[in-house]
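Here the structure is laid out as structure tokens; the discussion comes afterwards.
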Amino acid sequence: MNKRNVVREVASDAISQIECSLERIRMLSASLHVIKGQLKQSPDFEHLAEVAALAAYSADDWHNILDCERERLTERLDAQAAGGNA
């Protein structure tokens, strides 16, 4: 396997790992939003609901960051495969 193919394989594997991470973060975020909703129903748990909201926001933000990185890597890999400089 030549160097270019090795680089493409490593990049493709990295993109796959990012996609798996995106799915896990999406599930975490959904769970946190449900927990937040349940906690908000009781005044006794108002502060815990805010903690859950903060955690959900953080998960959503991390999901967005990783998704942008996945798109950037995919575009660079596609450009390299097409013979361009990326």
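Structure values in brief
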| item | result |
| --- | --- |
| Evaluation of ILE18 against (1) aliphatic (A, V, I, L, M); (2) more than 24 Å from THR74 (Cα to Cα); (3) touching a Lys or Arg at 6+ places or on another chain (Cβ under 6 Å) (one fails), failing number | (2) |
| Residue in the range 31-50 that is closer than 18 Å to ALA11 by Cβ, surrounded by fewer than 17 Cβ atoms within 10 Å (Cβ to Cβ) and touching a helix residue (DSSP H, G or I) at 6+ places or on another chain (Cβ under 8 Å) present | no |
| The range 66-86, residues that are within 20 Å of VAL6 (Cβ to Cβ), surrounded by 12 or more Cβ atoms within 10 Å (Cβ to Cβ) and either at pLDDT 85 or above or not hydrophobic (A, V, I, L, M, F, W, C) (or both) | LEU73, THR74, ARG76, LEU77, ALA79, GLN80 |
| Subset tally (residues that are of a type in the set (Lys, Arg) and either in contact with an Asp or Glu (Cβ under 7 Å, 6 or more places away or on another chain) or not in a helix (DSSP H, G or I) (or both)) for the range 6-33 | 0 |
| Meets criteria (in a helix (DSSP H, G or I), more than 30 Å from LEU77 (Cα to Cα) and modelled with pLDDT under 95) for GLU46 | yes |
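The values are calculated or read from the model by the stated rules, or taken from the named source; none is laboratory data. Nothing here was measured: the structure is a model prediction, and the numbers come from that model. When we count neighbours, we look across all protein chains shown, and the Cβ atoms used for this are built from the backbone with ideal geometry, even at glycine.
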